[in-house]
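A short worksheet on the structure shown next.
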Amino acid sequence: MKKILLSITIFAITVFTASAQAEWTQAKADKWFADHQYLDGLKLVPVPSTNKIEFAKQYNANKAVWDKVFAYLKNTDLNALPVGKYAVEGTAATVAVTDNPTKDYEKTAWESHRKFIDLQYAVTGAEKMETAPITSLTVTEPYLDAKDVAHYGGTGMQYVATQGAFFLFFPADAHRVNIKADGSDHDKKIVIKIPYVQ
């Protein structure tokens with residue numbers, strides 16, 4: 001009897017989760033995204049080019065982790081945070097802080113990840129970030145599970161990363177970052193790796 005009840009419970013949770021994720025229309029995701037309630041007072045915002053449906057699904061599937069990530073960004077002096085790697089307490093999310101020169105376009109590379117979502121934010125300075133669906137690019141190095149990375153060739157849309165807005169790169173989003181921006185050849189950047197929920 002306990003096994004039957006457990007099976008029914010697991011089935012119900014699975015169906016509920018699937019239906020909850022399936023209900024995200026573009027209009028609903030756009031409204032949720034624009035409300036910014038998920039930021040809970042964080043002054044940084046996601047860039048408008050963010051995949052809003054994917055973000056809504058991932059946030060709601062892993063709300064406790066996202067809330068801690070946003071609280072970390074809200075409560076940490078990012079300007080004073082030294083270069084290094086940090087944990088977001090109580091989660092599997094990690095923070096990497098770099099302070100480096102940016103590169104000429106030809107010296108950067110496309111990549112994507114399957115296990116983690118990249119949240120990238122330029123704390124000081126600026127850089128260009130290019131993004132494209134992985135389906136629009138050519139694989140140059142197949143996915144390597146040990147490093148959670150695949151590499152590509154092709155072109156996408158470029159954006160300038162500056163203070164005030166962060167980028168989110170999901171597994172379907174290839175990204176090419178650390179590209180030299182006009183008027184800036186250096187930046188301090190935060191990259192937070194957030195577990196991707198399948």
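What do you reckon, is V47 surrounded by 19 or more Cβ atoms within 10 Å (Cβ to Cβ) and touching a strand residue (DSSP E or B) at 6+ places or on another chain (Cβ under 7 Å)?
Judged against the criteria, V47 is not a match.
Being without any contact (Cβ under 8 Å) to a residue 40 or more places away in the chain, in contact with a Phe, Trp or Tyr (Cβ under 7 Å, 6 or more places away or on another chain) and open to solvent by 30 Å² or more (accessible area, probe 1.4 Å) is the filter here, so list the residues in the stretch 138-176 that pass it.
T138, V139, T140
How many residues does the stretch 93-107 hold that are under 19 Å from the mean Cα position of the chain (by Cα) and among the hydroxyl-bearing types (S, T, Y)?
2
Could you list, ordered by first residue, the pairs with Cβ atoms under 6 Å in which the first is in the stretch 30-59 and within 15 Å of D173 (Cα to Cα) and of a type in the set (V, I, T) and the second is in a helix (DSSP H, G or I) and open to solvent by less than 40 Å² (accessible area, probe 1.4 Å), at least 6 apart or interchain?
Correct list of pairs: I53/A29.
Consider the stretch 77-132. How many of its residues are loosely packed, with under 14 Cβ neighbours inside 10 Å and at positive phi?
Within the stretch 77-132, residues that are loosely packed, with under 14 Cβ neighbours inside 10 Å and at positive phi number 2.
Residue by residue through the stretch 116-147, note down the ones that are closer than 30 Å to A80 by Cβ and either in contact with a Pro (Cβ under 9 Å, 6 or more places away or on another chain) or at pLDDT below 95 (or both).
Of everything in the stretch 116-147, those that are closer than 30 Å to A80 by Cβ and either in contact with a Pro (Cβ under 9 Å, 6 or more places away or on another chain) or at pLDDT below 95 (or both) turn out to be F116, I117, L119.
Which one is farthest from W110 (Cα to Cα), of the residues in the stretch 177-190 that are touching a helix residue (DSSP H, G or I) at 6+ places or on another chain (Cβ under 9 Å) and open to solvent by less than 20 Å² (accessible area, probe 1.4 Å)?
Taking the stretch 177-190 and keeping what is touching a helix residue (DSSP H, G or I) at 6+ places or on another chain (Cβ under 9 Å), we get 178-180, 190.
Retained after the next criterion (residues that are open to solvent by less than 20 Å² (accessible area, probe 1.4 Å)): 179, 190.
Numbers: I179: 11, I190: 18 Å.
Looking at residues that are touching a helix residue (DSSP H, G or I) at 6+ places or on another chain (Cβ under 9 Å) and open to solvent by less than 20 Å² (accessible area, probe 1.4 Å), I get I190.
The values are calculated or read from the model by the stated rules, or taken from the named source; none is laboratory data. On a predicted model such as this, the values are computed, not experimentally measured, just so you know. Cβ sites come from the backbone with ideal geometry, for glycine too, and all protein chains shown count toward neighbours. Keep in mind that these areas ignore ligands, DNA and RNA; they rest on the heavy atoms of the full protein, side chains included. Shrake-Rupley method; radii C 1.70, N 1.55, O 1.52, S 1.80 Å.
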